[in-house]
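Student: Shown below is the structure under consideration.
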């Protein structure tokens, strides 16, 4: 499975990651930067006194592989 991980810095300086499971795999840097800027401009995600997504830091696709040990049907 491939996920798009968007990393941001919060208003208190901590790192936060937004993981998107069903993102398009063909997005280029400009499209991802634009989307991250929209997320930061919205200022919607907050926990206590910390805005979680304030400064876009990085974006990457992460591929995970399942290794099945056994499966009962």
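Every number in this text was worked out from the coordinates using simple rules, so none of it is lab data. The model shown is predicted, which means the values in this text are computed figures rather than measured ones. Cβ: placed from backbone, ideal geometry, glycine included. Neighbour counts: every protein chain shown.
Student: Taking the highest mean first, how do the peptides 42-53, 20-31, 59-70 order by number of other beta carbon atoms within 10 angstrom per residue?
Tutor: Averaged packing, sorted descending, gives the order 42-53, 20-31, 59-70.
Student: Now for a separate question. Calculate how steeply helix 29-42 sits against the longest principal axis of the alpha-carbon atoms of the chain, using the helix alpha-carbon long axis, and give the answer as 0 to 90 degrees to the nearest 10.
Tutor: 60 degrees
Student: Now for a different question. In units of 2.2 N^0.38 Å, what is the alpha-carbon radius of gyration of the chain?
Tutor: Against the empirical 2.2 N^0.38 Å value, I get 1.36 for the chain.
Student: Sticking with the crude label model, points 7 Å out along Cα→Cβ, report the distance from residue 69 to residue 45 in nm, one decimal please.
Tutor: For residue 69 paired with residue 45, the spin-label model returns 3.2 nm.
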